[in-house]
Amino acid sequence: MASDGYHESLNRLTKDARNMHRAIVSLKEELEAIDWYQERADACSDRLLKDVLLQYRNEEIEHATAVMEWIRRHDGHFDAMMRAYQLMLTEQPITGVEKGTGTSGSAPCPPRGSASAARGSDRVDGACAERVAPSC
Ligand SMILES: [Fe+2]
């Protein structure tokens, strides 16, 4: 079964381009699954089912992260950008990295493992903002 979504004829694409397409399509599917489980858990009124759905969401996050790592290892620019932003390694403000400053004037995000971090705190435009995702 062929994958949909190619924009060029398959016979014009290298093996590496086809594999990257597979990875990108897989990442899209994993991210979509994360959203589905998040929404279902958020709307669910049964505590046990909510926990099951959140467990599934977390498994999809693991899958998405593994695909992102494969992409990083197979594309030099992804590798360079992930290293520049250090998104998985620090709590630096995202917008600060983009502007080349690495910092902003507002309070830092909570360290990983803190109660605020467990609730899904992240920086948005130089300020910490709470995502609606429940703790996991
Ligand atoms: Fe998955």
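Taken together, the values in this text are just the output of simple stated rules run on the coordinates, not laboratory data. As the structure is a prediction and not an experimental result, all values here were calculated from the model.
Quick one: grab the alpha carbon gyration tensor of segment 1-49, order the square roots of its eigenvalues as a ≥ b ≥ c, and give me rounded if a/c is under 1.5, else prolate or oblate depending on whether a/b is larger than b/c. In terms of gyration-tensor shape, prolate. Backbone phi angles across segment 65-78, fed through the Karplus curve with coefficients 6.51, -1.76 and 1.60 (θ = phi - 60°), yield HN-Hα couplings of 5, 5, 5, 4, 5, 4, 4, 4, 6, 10, 9, x, 6, 4 Hz in residue order; Gly and Pro are listed as x. Just so you know, the Rg over Rh for segment 14-89 is 1.11, from Cα atoms, with Rh as the Kirkwood radius.
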